[in-house]
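Notes follow the structure.
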Amino acid sequence: MPKRLEINLEPAERAKLERAVKTHPKPYLRERAAAMVKISEGLSGREVALHRLNRPHAPDTIYDWVKLYRQQGLEGLVIKEGRGRKPAFSPQHPDAASAREALLHMLRRDPRELGQEGSRWRAEDIRAVCSWLRLASAGGLSRLLSRLGISYKRGRQHVHSPDPDYLAKLGAVLAYQQEALQRPEAVVLLFQDEFSYYRQPTLAQDDAPRGAAQPLAELGYRCNQRQRIIAVLHALTGATYAEQHRCTGVQQIVAFYQRVCQLYPQAEVIYMRLGHKSSGGLQERFEADVQVQAVLKAIQQGELVYPDRS
């Protein structure tokens with residue numbers, strides 16, 4: 001017959017275990033400490049494993065816990081850092097959020113830019129490019145994408161200009177953002193974009209009786225004029241500033257930049273990320289006071305060309 005599992009506890013050791021059972025922040029350690037107390041009371045390892053804890057365990061698990069406790073005390077029951085199953089994206093990315101962000105950045109790019117054939121991403125392409133995933137099958141990739149909240153969806157039409165310097169520019173924007181976080185009063189990071197809208201509504205669907213007759217989209221008597229909105233978004237606060245013009249040519253853009261600079265009189269430097277395609281995605285830097293005026297004057301004199309959107 002195997003020797004009965006026993007633990008002989010000193011009063012101080014018992015008090016420490018009972019305190020851990022009641023107050024330790026880690027549930028798994030409270031359970032392990034409770035197992036040690038029950039073993040010391042004379043219960044068998046099998047009885048404790050199968051019937052006396054929050055959930056059943058293999059009896060060998062209790063024997064392992066007792067061995068650790070005998071060697072190192074309560075500290076031996078703590079799960080050491082680095083133990084357990086590693087995430088599929090470790091160590092390239094420390095957590096699921098950063099792994100998801102990296103995958104989404106990759107999926108938005110053309111596979112051919114990264115040495116893959118075809119214009120659409122396939123499971124084998126993702127596994128080839130993201131070798132840090134360490135996945136052996138397409139099924140494993142599918143489960144990982146589902147866990148990260150990435151699913152196969154129907155797309156919509158979109159015009160995209162591939163940029164081979166995408167990652168470098170993204171890194172620059174993140175560096176500007178970090179600088180703005182460290183010196184929020186002196187450094188401002190803005191995102192700028194423009195869009196057009198028309199006076200008359202676009203044609204769409206509406207409820208109507210069945211048959212050949214169609215619902216009527218009533219138009220006004222004035223011409224369908226186009227208006228253009230130009231705006232900036234503060235990257236840290238979310239504050240916006242926008243203007244509306246019939247067109248956004250050089251004069252309107254210069255005046256807009258001047259008014260944007262007036263919004264941040266304490267800023268030493270303003271970084272502006274231009275959102276429209278014609279900027280090439282470059283980050284334009286507009287410094288306050290004298291240097292800002294020099295940039296704006298250069299635009300006015302034609303030294304810096306901004307596309308005329310009239």
Based on this model, can you work out whether residue 31 counts as modelled with pLDDT of 90 or more, acidic (Asp, Glu), part of a helix (DSSP H, G or I) and loosely packed, with under 13 Cβ neighbours inside 10 Å? no
Does any residue of segment 194-206 turn out to be without any contact (Cβ under 8 Å) to a residue 12 or more places away in the chain and not charged (D, E, K, R)? yes
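Going by the structure shown, is residue 247 touching a residue at least 60 places away in the same chain (Cβ under 8 Å) and part of a loop (DSSP other than H, G, I, E, B)? Before you say what the answer is, go through the steps one by one.
Numbers: touching a residue at least 60 places away in the same chain (Cβ under 8 Å): yes; part of a loop (DSSP other than H, G, I, E, B): yes.
Spelling it out, residue 247 is indeed touching a residue at least 60 places away in the same chain (Cβ under 8 Å) and part of a loop (DSSP other than H, G, I, E, B).
The values are calculated or read from the model by the stated rules, or taken from the named source; none is laboratory data. A quick note: this is a predicted structure, and the numbers were derived from the prediction, not measured. Please note: Cβ atoms are built from the backbone with ideal geometry, for glycine as well, and neighbour counts cover all protein chains shown.
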